[in-house]
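First up is the structure itself, then whatever we jot down about it.
The values are calculated or read from the model by the stated rules, or taken from the named source; none is laboratory data. Since the model is a prediction, treat every value here as computed from it, not as a measurement. All Cβ positions, glycine included, derive from the backbone under ideal geometry; neighbour counts span all protein chains shown.
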Amino acid sequence: MTPQQYEQAVRAWAILIASWWTDHPPDEYPSFALRPSRSLGRSTPPFENRSTPMPSPRKTTRRRDPITPDTALRVAIYTRRSTDDEHQPYTIEAQTEKLTAYVASQPGWEITAHFTDDASGATLERPGLTKALAHARAGRFDLLLVYRLDRFSRRIRDLAALMDELDAVGVHFRSATEPFDTSSAAGRLFVQMLGAFAEFEREVIIDRVISGMERKAANGQWTHGPRPYGYQVDPSTHRLIPHPDEQHVVREIFHRYAVTRAGTRAIADQFNTEGKRTRAGKPWSGHTIGRMLINRLYLGEVGFRDVTTADAHPPIIDPDLFEQCQLILTSRGELGSARAAASSDYHLTGLITCPQCGHKYIGASATGKLRRYRDYTCFSRARYGRAGCTGPRIDADLMDAAVTDALLDFYTDTAVITAAITAEQQFRAEHSHQHTAELTAVTGQIRTAEAAINRYLAAFENATLDETICGHRIRDLTAKIEQLTARRTDLTEMINSQPKPPSADAISRLRRTLANVLQHGTPGQRKAIIETHIAEIKIQGALLIPIFLIPADDEGPAETSADPCISHNIEVVGRAGLEPATEGL
């Protein structure tokens, strides 16, 4: 049974329940007298009239009279569109026309307001909805009318919150195409059932998309995302076939790496010098070359999650050549695992910001005739060479020593730390409203991105969206959600907490711990403690400016955002400048 059939069945069931409740109002239920209480030896008086409300210790909602055929109502209509007109069956104009006709058919009803949104129904951060709720609280209309329930909200939690808010201000809610009335228990039950089913339908779609991807991988078809370089997708079979032009470049990459023994960066530089570009029109990078060299797709394999199918499409690379490249990659330490294991030798990787392009610095090394040179290099320069960035390289040995000395010196002056904490407290107090507004905006952006993912999955399931575009957009939206979630966490902490200065004894203990780890610890321990206490290192001319993380309230470091006194200028170079005098890098 398809999700659409499930929805039809649930709607039919809910209509039957609503009809039964309508035919059997609560006034027709029999009254029950309470039996004498044995423990108290007296009787509790029965309810004499169930239509008489019991007294309540508090009343939080306005009085809302039931709707009858003779009721005169001020009606506000709400319309929403979440996708483009081409794929949207419920356009703003169509909804408005049908709602206007529905109101005209009801005697005594009059449209007094119209609110509209062009946004996802999975979020409450909608200007039109916000305005409608504000008018409801001001008592400017008696009934809020929508074309369908999913035009109002697609999340049962949000729907419940909206219904509670409308109930609290005495406003009715109705749908022009669905038989429920929130003034009755049956109507509220129907609304909750429709909202629950909407969430169930989204989960079913997600599960079916994943199952479909795995099934396509098992059948040897290309599953998702942009096509790999060197292949194109056959639209009739959904299988990969070699690209007439790009397949030769793929073979050249493997041949140069295995036969001529050129490195990944050397191959990228040669391609860029020859004017060759990637499919996106960007320069080649050593990272891109390395990823292609370990991709088993060029052997004819295709996979999704735990499903891998061999001989799914014509291979471009011979298995012997591929294995030869893997041996060279392992011996050179160019595989991702080898680089990750060796990264702790560079304590400041990811902390230094390039003054030219804004990317972070990474560790790089080269072996000369007499010794091994260790440097910090801009990520763009390491990947694309000087064509990517001209940011200076920095001697890693000098840099590590200068930063660790500055870190220890910083914790000798408690007055500087106290001043930094005080400045941060003042900064958070002055910008609390701004942080709250940004938190609201970020939360709305997260909900919008999540709703967009749901729409892409639904469009893919309904065969209205190409799988390549769907996979690419979902990856981009997932990355965006991760960034926004991290920012939301930071804002929440800044709003809900205030840093407190550590005691002098705590700073003294921390300095002794830092000195002991930096002098006697392993490379991994030194890297970990530096990352814990340094937020960023900026380059200004010949000066390197580390920005430290301040320990808060004896519990550990807490990043501050306000005052420049937490930075410290270090000069680690002479007249020769930042660029070390080494050749071949």
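Of all the numbered requirements in (1) surrounded by 20 or more Cβ atoms within 10 Å (Cβ to Cβ); (2) farther than 30 Å from residue 507 by Cα; (3) of a type in the set (D, E, K, R); (4) touching a Pro at 6+ places or on another chain (Cβ under 8 Å), residue 424 misses one, and that requirement is (2). Any idea how many residues of the range 375-387 are in contact with a strand residue (DSSP E or B) (Cβ under 8 Å, 6 or more places away or on another chain) and within 17 Å of residue 263 (Cβ to Cβ)? So the answer is 3.
Here are some residues: 471, 444. Which one is closer than 28 Å to residue 289 by Cα, in contact (Cβ under 8 Å) with a residue 40 or more places away in the chain and not assigned by TED's automatic domain parsing to the domain that holds residue 541? If you could, list the steps in order and put the result at the bottom.
Values: 444 fails: closer than 28 Å to residue 289 by Cα.
Of 471, 444, the one residue that is closer than 28 Å to residue 289 by Cα, in contact (Cβ under 8 Å) with a residue 40 or more places away in the chain and not assigned by TED's automatic domain parsing to the domain that holds residue 541 is 471.
Do you know which of the residues in the range 390-421 that are more than 20 Å from residue 529 (Cβ to Cβ) and loosely packed, with under 15 Cβ neighbours inside 10 Å is modelled with the highest pLDDT? Of everything passing the filter in the range 390-421, 390 is modelled with the highest pLDDT. Of the strands (runs of 3 or more DSSP E) entirely within the range 53-154, those holding at least 1 residues that are among the acidic types (Asp, Glu), modelled with pLDDT of 90 or more and closer than 20 Å to residue 174 by Cβ occupy 109-117.
With respect to residue 237, determine if the residue is without any contact (Cβ under 8 Å) to a residue 40 or more places away in the chain and either crowded, with 16+ Cβ neighbours inside 10 Å or more than 26 Å from residue 282 (Cβ to Cβ) (or both). Judged against the criteria, residue 237 is a match. Among (1) within 26 Å of residue 153 (Cα to Cα); (2) acidic (Asp, Glu); (3) surrounded by fewer than 18 Cβ atoms within 10 Å (Cβ to Cβ), there is one condition residue 461 misses while meeting the rest; what is its number? Answer for residue 461: the failing condition is (3).
When the range 267-308 is examined, which residues are found to be at positive phi and small (Gly, Ala, Ser)?
Step one: list which residues in the range 267-308 are at positive phi, which gives 275, 281, 300, 305.
Hits for the range 267-308 are 275, 281, 300.
If you go through the range 352-393 and keep only what is touching a residue at least 12 places away in the same chain (Cβ under 8 Å) and part of a loop (DSSP other than H, G, I, E, B), you end up with 354, 355, 356, 357, 359, 368, 388, 389, 390, 391, 392, 393. Taking the range 143-173 as the search range and keeping residues that are in contact (Cβ under 8 Å) with a residue 60 or more places away in the chain and surrounded by fewer than 20 Cβ atoms within 10 Å (Cβ to Cβ), which one is nearest to residue 108 (Cα to Cα)? Filtering first and then ranking leaves 170.
Within the range 481-490, the presence of at least one residue that is under 25 Å from residue 158 (Cβ atoms) and either modelled with pLDDT under 80 or among the small types (Gly, Ala, Ser) (or both) is confirmed.
Does residue 439 satisfy the condition of being under 30 Å from residue 504 (Cα atoms) and surrounded by fewer than 20 Cβ atoms within 10 Å (Cβ to Cβ)? Break it down stepwise before answering.
Working: under 30 Å from residue 504 (Cα atoms): no; surrounded by fewer than 20 Cβ atoms within 10 Å (Cβ to Cβ): yes.
It is false that residue 439 is under 30 Å from residue 504 (Cα atoms) and surrounded by fewer than 20 Cβ atoms within 10 Å (Cβ to Cβ).
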